[in-house]
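Report on the structure given below.
The values are calculated or read from the model by the stated rules, or taken from the named source; none is laboratory data. Quick caveat, the model's predicted, so the values are computed rather than measured. Reconstructed Cβ throughout: ideal geometry from the backbone, glycine too, with neighbour counts over all protein chains shown.
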Amino acid sequence: MTMEMVLLLILLAATVWTVMTTRLLRAVIGLALTSVILTILMYRFGAPLAGVFELSVCAGLIPVIFVTTVSFTQRLTPEKLVVRKKERMLKFWFLPVLIVLVGMVLTQVHVTIDFPPVSPEALRTDPRAILWNLRHLDLVGQIAVLLAGVFGVVVFFKEDPSCR
Amino acid sequence: MATLLILLPLAIIMVLNLPFKDAFKRAAPFLGGCFYLLQAALVVFHPAAFWDDIYNPLEAFFAFECSTDALSLVLFLSIAIVGFVAVLVGAHALKNPRQRFFLINLLLLATVGMNANVMVTDLFSTYVFLEVTAVASFILIAMMKGEGALEGAFKYIILSVIASVMMLLSLALLVLVTGQTSFEAVRAGLGASPESLFVKMAMILFVCGLFVKGGVVPFHAWVPDVYASAPSFVSVFLAGIVTKVSGVYILMRLLVSVFGFEASVQQVIMFVGALSIVVGALAALAQRDFKRMLAYSSISQVGYIVLALGCGTPLAVAGAAFHLFNHAVFKSLLFVNAQGVEERCGTTHMEMVSGLGSRMPVTGWTSVIALLSTAGVPPLAGFWSKLLIIMALLNASRYGYAAVALFSSVLTLAYFLSMQRRMFFGKPHKGMENIREAGPVIVGVEIILAGITVGAGLLYPLVLEYFILPVQRVVG
């Protein structure tokens, strides 16, 4: 089994754990773990810059926002937690099985490349130049998404001082 | 300078959230409203210095790949009108200054996303700004934290994420084939491999993602829940413009600028459009809640736009753009009516209110104007856009689809007249004899929107010549 295969299996386990766990904080840790493994995969596939961004934003910044949000919430009572766990297992037991089955089917599919390969010149632009010199608009978009996320946290989780 | 329409709302949000924001809390609705008025004025008066990009000081700081044309102008005006209405109605409905403040911020953020989507010429940027609008919309839907609204927002998030995954996968395939994401480069790349399975998969995935975002049958399950459970002022914004830009306009732009009108794609889009018209209208007939009925009506009217788009001729695309504008106006008007009724009666259930026409005359009459325009009754604006669509379908020898479009208008009239009879005609229910007309803000907005519907209908030659027919050149 190759290293990539092992990493992909860990990635799968981390994502399933993220979805299945009943604790928000554990879900955040699972998500961060997913991002870390994805980063390693990106390095191994020769995309170090994408890896750096994945690590800094998805494993770094986003979990910080999530943890801040989780700190505004209340823990479930132990009784409720047991019920919630049971419900979740009953609802999603098929999920890991389905993912493995789909993976097995996909490995059997042979795809023929039916288009001319992209010229190397088209792919030669430095990703840093693309991000900082050519795609300013996307940076504006990212700022706007982050702002929307912050507003979401404040609207849903921050107590309204006038309601105290 | 048109990129200011992206940067200005973002700048307003930044200013509103400066540390001394308490001073700005009261000014938020005013600043938001002014921005939408400015955007509308820029479209109507069309100053060349702003739109033609002869002198653009922003170029020194930002490298934005954007362009505008006649189709963009229709969308900018629709966004401005619906945004202005949402600001007025929302600021009136929300008594808590904090909620009002966040509403304005979120409306402006969603507008950043929509304005950018109208201008961008790159598929990845399209995706990024779709997400901006979507995230702001989730929060808007659930911001009152009602059980129904939270459930609606959750459904919207899940389906929206599925749509986003489809679009991202499509983008990955297109980059694999073409190596680029700009509209021009992708179009050229697709031209080099027209029969590629990868290309076809990419097109199907992107179009399906947009169908989900636009709430078109069979991807419409989230629409009634979201529109009915969200506060009416948010439904105005969502039904009036958000789903139209996120789903329909981007589909329009991609077909015109990237994918082209291939026969098989056209067939699928026309079929989906016709299905939406009929399913939406039949489902609307069976509804007992005013807002839920409006949601199904919205699905049906979006069907008209999609059907015309699938036809693909310049006249059909111009008709689709005109109907998109009309839909933004009359659907906003109907949701404002719903807000007025909800405020006064505490419900929008049609069995629980009646005889409101005598108690709320302005709401009743503007509702009649909106419903007649939706059904396509002359001389209102909705009649002219439907006429353009049906003429385009007949010119393209799509007689079956033209018949569907024509007869579904009768269905539209049926479900709206049934609503009007139940809610506004007859004697008021017990306990509703003392209901008063909606507040001055609601009444004012109703009159403005009804005025636009009537005005665009009566001044049809002017609207057609200066606003709608230039859209044909985008296709031609």
Regarding the range A:44-53, can at least one residue be identified that is farther than 25 Å from A:Val100 by Cα and of a type in the set (Val, Ile, Thr)?
yes
Within the range B:418-476, take every residue that is of a type in the set (Val, Ile, Thr) and over 30 Å from B:Ala320 (Cβ atoms) and give me the one that is surrounded by the most Cβ atoms within 10 Å (Cβ to Cβ).
B:Ile442
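Test B:Ser235 against the criterion of being closer than 29 Å to B:Met350 by Cα, buried (at least 21 other Cβ atoms within 10 Å of the Cβ), modelled with pLDDT of 90 or more and not hydrophobic (A, V, I, L, M, F, W, C), and give yes or no.
Spelling it out, B:Ser235 is indeed closer than 29 Å to B:Met350 by Cα, buried (at least 21 other Cβ atoms within 10 Å of the Cβ), modelled with pLDDT of 90 or more and not hydrophobic (A, V, I, L, M, F, W, C).
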Filtering the range B:435-465 down to residues that are more than 17 Å from B:Val44 (Cβ to Cβ) and part of a loop (DSSP other than H, G, I, E, B) yields B:Ile435, B:Arg436, B:Glu437, B:Ala438, B:Gly439
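So which of B:Val368, B:Val410 ends up being out of contact with any Leu (no Cβ under 8 Å at 6 or more places or on another chain), under 30 Å from B:Pro314 (Cα atoms) and of a type in the set (A, V, I, L, M)?
Values: B:Val368 fails: under 30 Å from B:Pro314 (Cα atoms).
B:Val410 is the lone residue from the list that is out of contact with any Leu (no Cβ under 8 Å at 6 or more places or on another chain), under 30 Å from B:Pro314 (Cα atoms) and of a type in the set (A, V, I, L, M).
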Any idea which of B:Phe124, B:Phe129 is part of a helix (DSSP H, G or I), surrounded by fewer than 22 Cβ atoms within 10 Å (Cβ to Cβ), facing chain A (nearest Cβ under 7 Å) and not basic (Lys, Arg)?
B:Phe124
Scan (1) under 30 Å from A:Lys158 (Cα atoms); (2) aromatic (Phe, Trp, Tyr); (3) surrounded by 21 or more Cβ atoms within 10 Å (Cβ to Cβ) for the single condition B:Phe206 breaks and write down its number.
(1)
Restricting the first residue to the range B:168-190 and requiring it to be assigned to a helix (DSSP H, G or I), which pairs with a second residue that is of a type in the set (Asp, Glu) meet a Cβ separation below 8 Å and a spacing of at least six or different chains?
B:Phe183/B:Asp122
Check on B:Ala48, modelled with pLDDT of 90 or more and either more than 14 Å from every other protein chain (Cβ to nearest Cβ) or more than 30 Å from B:Ala318 (Cβ to Cβ) (or both)
no
With the condition kept exactly as written, say whether any residue in the range B:87-107 is hydrophobic (A, V, I, L, M, F, W, C), over 22 Å from B:Leu333 (Cβ atoms) and outside any helix (DSSP H, G or I).
no
Tell me yes or no: at least one residue of the range B:310-329 is among the β-branched types (Val, Ile, Thr), surrounded by 24 or more Cβ atoms within 10 Å (Cβ to Cβ) and under 12 Å from the mean Cα position of the chain (by Cα).
yes
How many residues does the range B:73-119 hold that are of a type in the set (S, T, N, Q) and more than 9 Å from every other protein chain (Cβ to nearest Cβ)?
4
In this structure, does B:Tyr304 turn out to be in contact with a Lys or Arg (Cβ under 8 Å, 6 or more places away or on another chain) and not β-branched (Val, Ile, Thr)?
yes
Filtering helices (runs of 4 or more DSSP H) wholly in the range A:8-95 for at least 3 residues that are under 20 Å from the mean Cα position of the chain (by Cα) gives A:24-44, A:48-53, A:62-71
Does B:Val199 count as closer than 30 Å to B:Gly90 by Cα, assigned to a helix (DSSP H, G or I) and either in contact (Cβ under 8 Å) with a residue 24 or more places away in the chain or not small (Gly, Ala, Ser) (or both)?
no
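Here are some residues: B:Ala70, B:Ala142. Which one is within 26 Å of B:Phe330 (Cβ to Cβ) and either within 14 Å of chain A (Cβ to nearest Cβ) or surrounded by fewer than 20 Cβ atoms within 10 Å (Cβ to Cβ) (or both)?
Only one candidate qualifies: B:Ala70.
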In this structure, is B:Ile158 in a helix (DSSP H, G or I), among the β-branched types (Val, Ile, Thr) and surrounded by fewer than 24 Cβ atoms within 10 Å (Cβ to Cβ)?
yes
Count of residues meeting criterion [within 13 Å of chain A (Cβ to nearest Cβ), in contact with a Phe, Trp or Tyr (Cβ under 7 Å, 6 or more places away or on another chain) and among the small types (Gly, Ala, Ser)] in the range B:152-197:
3
